[in-house]
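Novice: Structure incoming, see below.
Values in this text are rule-based calculations from the coordinates and carry no lab data. Note that the structure is predicted; figures quoted are calculated from it, not measured. Neighbour counts are summed over all protein chains in view; Cβ atoms, including those assigned to glycine, are modelled from backbone coordinates with ideal geometry.
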Amino acid sequence: MKVQFVGIVREIKDWNTDKEGKALPPEKVTSQISFLDRATGGDVTMTYPVGHGLATGQDVDIDVEVKPVLRNFKLSLYVVGSAPKPQTKK
């Protein structure tokens, strides 16, 4: 599934520990990133692998492949590992 929009990074939550508080190995660390979609004014939240290179308040042009997953009765979008990084809006 492809996701495309122009927006702003609202919030970044890094998930680097498991439920017991133990550190996760680097390949399992993820970031849940919330964006404000400029066209609709709505929020879009996606999970990125570590090293995404995004910062809160950054203008972005998102064009990524995601894997949709239903978790806890909510749709979660996981960015596919080899997806290109969002480009800074110019």
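Novice: On a straight-distance basis, which aspartates and glutamates could pair with LYS74 in a cross-link, Cα separation under 17 angstrom, same-chain partners fewer than 8 positions away excluded?
Specialist: Those aspartates and glutamates meeting the cut-off are ASP43.
Novice: Something else about it: Give me D for the range 2-88 in µm² s⁻¹, whole number, from Stokes-Einstein with Rh from the Kirkwood sum over alpha-carbon pairs, 20 °C and 1.002 mPa s.
Specialist: The estimated diffusion coefficient comes to 159 µm²/s.
Novice: Using Cβ counts within 10 Å as a stand-in for footprinting exposure, how do THR45, THR17 rank, fewest first?
Specialist: Sorted ascending by nearby Cβ count, the order is THR17, THR45.
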